[in-house]
């Protein structure tokens, strides 16, 4: 009988394959063959289309003391750490995913992605 730290093969493979009866080694290729492949087309991703995400465009940042913040009034200018024309950061769910530029669309502000940021998933 296995102790609490040992996992049965059917636990690892989601119950798809029985554990070997002879107590021998498990062929990893057989276990991996039972795992579905990654989505290959947009239709495979339909299940996630309606999941809401938060998109933020950060023009720049500034830090100040609370007493300085309280002195700000209408028309006050806060200097940011970016220069005119410098790319803005685009976050999705608080993760940096792209850089872009501010654009005007009719009477609203918008953003255009100019660079996609690829990060290693750890």
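The values are calculated or read from the model by the stated rules, or taken from the named source; none is laboratory data. Keep in mind that this is a model prediction, so the values were computed, not measured. Cβ: placed from backbone, ideal geometry, glycine included. Neighbour counts: every protein chain shown.
Only residues that are without any contact (Cβ under 8 Å) to a residue 12 or more places away in the chain, surrounded by 10 or more Cβ atoms within 10 Å (Cβ to Cβ) and in contact with a strand residue (DSSP E or B) (Cβ under 8 Å, 6 or more places away or on another chain): list them for the stretch 55-110, please.
103, 109, 110
Residues are listed down the side, and each one gets a yes or a no for (1) modelled with pLDDT of 95 or more; (2) under 28 Å from the mean Cα position of the chain (by Cα); (3) assigned to a strand (DSSP E or B):
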site: 80; (1), (2), (3): no, yes, no
site: 85; (1), (2), (3): no, yes, no
site: 98; (1), (2), (3): yes, yes, yes
site: 103; (1), (2), (3): no, yes, yes
site: 111; (1), (2), (3): no, yes, yes
site: 121; (1), (2), (3): no, yes, no
